[in-house]
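Remarks on the structure that follows.
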Amino acid sequence: MISFGFVTINDRQEIDYSTEIAKRAERYGITVFRFTPLDIDPLTEKARGRQFHAATQSWTESVFAIPAFLYDRCFYRADERSKKSKPIMQWLKQRPDITFLGYGFPSKWELYKKLIDHPLLSHYVPKTTLLRSPTDLLHMIRKEKAAICKPEHGSRGQGIYVVKQVEGHLHILDTNGQTIATIKRKTDLQQWVETLLRRSSYLSQPFLPLKTKQNDPFDVRFFFQKNEYGQWSERGRGIRVGAPGTIIANVSAGASISGFSEWFKQIPAPQRLFITDGIETITTVLPSYLEEKFGPLFELGVDLGITEEGAVWLIDVNSKPGRKIITALAPEKRDTIYEAPLRYCLFLANGVNVR
């Protein structure tokens with residue numbers, strides 16, 4: 001049996017997802033284990049986690065050798081558990097006896113630097129700066145009127161702020177669209193930026209007008225996975241619309257989901273040409289290019305923003321995407337989504353055996 005590890009920061013994270021994978025694993029000759037980086041004993045290099053038993057369709061506590069194939073679903077925050085877990089995962093990724101389904105990206109800043117190097121993709125990427133001081137933010141706001149600040153290592157829309165210029169003052173908004181601070185002096189901005197950077201490194205970008213006609217934030221999510229032949233496959237795409245008054249369209253933050261084709265039919269014909277060209281360029285080039293620059297990947301969530309004029313912007317790429325947009329819009333694809341990690345694991349295992 002092939003040993004497959006589902007790794008998370010907390011032991012209850014994505015329990016439903018890992019269970020759906022595990023229920024299907026026996027037919028592939030795979031045994032599934034769940035554990036966190038902190039479950040590994042540094043002396044024995046064994047993990048104390050849970051093993052899924054096909055006979056009872058349940059998880060039981062177990063001590064086991066670190067599985068040969070690992071599915072990294074760790075989302076790091078500023079807490080102590082994340083800080084302790086990250087170096088352990090980096091150590092595991094250096095081990096020649098362990099294969100990860102995907103190795104992820106080092107940071108959003110490193111990702112940005114590679115994207116702007118590409119002759120085609122660079123045209124779709126918003127100007128991004130590494131936030132180091134209030135001057136960086138002021139320069140962007142003077143030019144763009146509003147800027148969005150994102151954690152360099154953030155995910156799921158957490159820790160994002162928008163800074164807008166309103167009647168000579170700066171208003172800082174959280175993702176719910178609530179003003180959390182009004183900045184009237186540069187010293188106030190200095191203090192806010194310093195507080196922000198103590199928690200995490202941040203990037204700043206122009207706050208793009210990515211809104212519906214009802215003025216709600218929206219974007220398009222594309223979900224890619226590798227298939228059993230190691231080839232990229234688009235599993236689906238959908239529209240995410242944020243709640244009224246919010247500033248981002250993230251499902252974990254309460255965004256609604258709807259079909260792409262229904263939305264696209266309402267777009268005037270001239271804009272459709274621009275949108276189709278942008279989407280096809282990005283989705284065709286991006287996955288293989290990212291693998292070329294960052295190493296093996298298994299899945300991608302690609303978020304595109306589209307303006308009223310039909311301009312397409314590549315606003316985020318996530319190597320550990322959620323699946324709600326696919327399971328909600330295309331429930332018939334649930335088996336495909338849940339079996340994909342197992343099928344790709346077999347592909348990797350055959351490759352390891354060949355070597």
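Grab the other residues whose beta carbon is less than 12 angstrom from that of R235, score K and R as +1, D and E as -1, and report the net.
+1
For the chain, build the charge dipole from Cβ charges (+1 Lys, Arg; -1 Asp, Glu) around the Cα centre, then report which of W232, T128, T281 sits farthest towards its positive end.
Selected residue: T128.
Report the relative contact order of the chain, percent, no decimals, based on alpha-carbon pairs under 8 angstrom and at least 6 residues apart.
16 percent
Going by accessible area, probe 1.4 Å, with all protein chains left in place, what is the ranking of F4, F264, F274, largest first?
F274, F264, F4
May I ask you to order 212-222, 37-47 by the average number of other C-beta atoms within 10 Å around their residues, highest value first?
Per-residue mean Cβ counts within 10 Å order the peptides as 212-222, 37-47.
Rounded to the nearest 20 Debye, what is the dipole magnitude of the chain about its Cα centre when Lys and Arg each give +1 and Asp and Glu each give -1 at the C-beta?
560 debye
So for region 102-222, considering every pair of alpha-carbon atoms, how many percent are separated by more than 22 Å?
36 percent
Can you pull the percent of the chain's accessible area that's carbon plus sulfur, 1.4 Å probe, other chains left in place?
Taking all protein chains in place, the chain shows 50 percent carbon and sulfur surface.
Answer with one residue from L314, F223, A328: the one whose Cα lies farthest towards the positive end of the charge dipole of region 221-335, charges on Cβ with Lys, Arg +1 and Asp, Glu -1.
Result: A328, furthest along the dipole toward the positive end.
Quick check for you: which residues of region 277-301 have the amide N under 14 Å from the point 7 Å beyond the Cα of K333 toward its beta carbon?
Counting only backbone N, you get 299-301.
Give me the dipole magnitude in Debye, nearest 20, for region 89-213 about the Cα centre, with unit charges on the beta carbon: positive for Lys and Arg, negative for Asp and Glu.
Roughly 220 debye, rounded to the nearest 20.
Given charges of +1 on the Cβ of Lys and Arg and -1 on the Cβ of Asp and Glu, with all other atoms neutral, how large is the dipole of region 105-159 about its Cα centre, in debye to the nearest 20?
140 debye
Run through every distinct alpha carbon pair of region 33-192 and return the Kirkwood hydrodynamic radius in angstroms, one decimal place.
Kirkwood radius, region 33-192: 19.5 Å.
Could you state the orientation-averaged shadow area of the convex hull built on the Cα atoms of the chain, in nm² to one decimal?
Computing the convex hull of the Cα atoms and averaging its projections yields 19.3 nm².
For the chain, give the share of DSSP beta bridges that are antiparallel, in percent and rounded to the nearest 5; count only bridges with both residues there.
Percentage antiparallel, nearest 5: 85.
Zone of K114 (label point 7 Å along Cα→Cβ, backbone N under 19 Å): which residues in region 216-260?
Answer for this model: 222-227, 230-234.
Could you estimate the translational diffusion coefficient of region 191-237 from the Stokes-Einstein equation, with Rh from the Kirkwood formula over C-alpha pairs, at 20 °C and 1.002 mPa s, in whole µm²/s?
Approximately 144 µm²/s, per Stokes-Einstein.
Which of I172, G245, T182 sits farthest toward the positive end of the charge dipole of the chain, with +1 on the Cβ of Lys and Arg and -1 on the Cβ of Asp and Glu?
Among I172, G245, T182, the one farthest towards the positive end of the dipole of the chain is T182.
List, largest first, the extents of the alpha carbons of region 1-86 along their principal axes, each in whole Å.
Principal axes ranked by extent give 38, 28, 19 Å for the Cα atoms.
Among H153, H171, what's the order by accessible area (1.4 angstrom probe), most exposed first?
If we order H153, H171 from most to least accessible, we get H153, H171.
Per residue, how many Å² of accessible area does the chain show with a 1.4 Å probe?
Per residue, the chain has an accessible area of 49 Å².
The values are calculated or read from the model by the stated rules, or taken from the named source; none is laboratory data. Every value quoted in this text rests on a predicted model; they were computed, and no experiment measured them. Glycine also receives a Cβ, built like all others from the backbone with ideal geometry; neighbour counts cover every protein chain displayed. When the accessible area is computed, the model is the full protein with side chains, heavy atoms only, and any ligands, DNA or RNA have been set aside. Shrake-Rupley method; radii C 1.70, N 1.55, O 1.52, S 1.80 Å.
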